[in-house]
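A quick write-up on the structure given underneath.
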Amino acid sequence: MRLFFALWPDAPTQQAWSETLAPYLAPLGGRRIPARNLHLTLAFLGEVRGDRMNELLRLGGDLDTPAFTLRFDRIEYWKKAGLACLRAGDTPPSLARLGGQLATGLQLAGFPVETRAFKPHVTLLRNVAVPTPSLPVWPVLEWPVPALALVRSRTDPDGSEYAVLHEWPLR
Ligand code: 3AM
């Protein structure tokens with residue numbers, strides 16, 4: 001199974017973001033990520049054997065993260081990856097801590113971890129055709145993050161299909 005930890009908006013939130021952001025994205029061309037796939041990846045694990053699932057469930061349950069709110073205030077174009085993503089100017093300390101604890105826990109358990117700095121983002125567009133400077137999003141999209149999620153990814157010719165396997169409410 002291909003797995004990752006993420007912050008996963010509920011369906012109405014995904015739909016609201018998709019509709020609100022459509023006018024910002026239309027001029028950039030590229031391929032829209034469908035509303036149901038919008039999420040913020042915390043740690044990508046890649047292929048994981050089914051018998052390691054319990055370790056991941058324990059790890060997720062051991063994290064004790066206070067609830068926090070993300071304020072998405074801009075769309076950034078990432079040239080190298082060719083994508084446009086939703087970003088928050090300020091990373092809440094709880095999110096930075098969650099990302100750090102997760103990376104440490106995964107590393108101690110022997111899972112491969114990303115060595116690049118964690119830059120929280122929600123991918124909105126791939127294969128952007130029209131490069132753009134950062135676009136301010138106004139009004140800011142406020143998202144009280146409800147939970148941490150463990151997600152399975154399946155790739156098929158039509159794109160990625162995701163399933164939330166487990167969620168841990170933030171306290
Ligand atoms: O959440 P975003 O869209 O930023 O690009 C994949 C997606 O990122 C990324 O994990 C998220 C859920 O699939 N991803 C896929 N393969 C990856 C890899 N080998 C990867 N991230 C890092 N290394």
Inset, instruction - Per residue of segment 4-9, in order, report the coupling 6.51 cos²θ - 1.76 cosθ + 1.60 (Karplus, θ = phi - 60°) as ³J(HN,Hα) in whole Hz, putting x for Gly and Pro. - result: 8, 8, 8, 9, 10, x
Inset, instruction - Run the numbers on segment 76-127 and let me know its relative contact order in percent, using alpha-carbon pairs under 8 Å that are six or more apart. - result: 53
Legend entry - Estimated vicinal HN-Hα couplings, Hz - segment 23-32 in sequence order (Karplus 6.51, -1.76, 1.60; Gly, Pro = x): x, 6, 8, 3, x, 8, x, x, 10, 5
Legend entry - the chain, accessible surface, carbon-and-sulfur percent (1.4 angstrom probe): 53
Legend entry - Relative contact order (%) - criterion: Cα under 8 Å, at least six apart; region: segment 22-153: 41
Inset, instruction - Measure nothing but the geometry: give the 0 to 90° angle between the long axis through the Cα atoms of 93-108 and the longest principal axis through the Cα atoms of the chain, rounded to 10°. - result: 50
Legend entry - Nearest-ten-degree value, helix 53-62 long axis tilted from longest Cα axis of the chain: 80
Inset, instruction - Give, as a single signed number, the net charge of other residues whose beta carbon lies under 14 Å from the beta carbon of residue 135, with Lys and Arg counted +1 and Asp and Glu -1. - result: 0
Inset, instruction - For residue 88, enumerate residues with amide H under 5 Å from its amide H, sequence gap 5+ or separate chain, H modeled in the peptide plane. - result: 73
Inset, instruction - Mind listing the long-range amide H neighbours of residue 170? Cut-off is under 5 Å, sequence gap 5 or more, other chains count too, H placed in the peptide plane at 1.01 Å from N. - result: 147, 148
Inset, instruction - Leaving out ligands and nucleic acids, note down the accessible area per residue over the chain with a 1.4 angstrom probe, in whole Å². - result: 54
Inset, instruction - Can you give me the three principal axis dimensions of the chain from its C-alpha atoms, in Å, biggest first? - result: 45, 36, 30
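The values are calculated or read from the model by the stated rules, or taken from the named source; none is laboratory data. Owing to the predicted nature of the structure, the values given are computational and were not obtained by experimental measurement. Don't worry about glycine lacking a Cβ; one is built from the backbone with ideal geometry, like all the others, and counts go over all protein chains shown. Accessible surface is based on the protein model in full, side chains and every heavy atom, while ligands, DNA and RNA are left aside. Shrake-Rupley method; radii C 1.70, N 1.55, O 1.52, S 1.80 Å.
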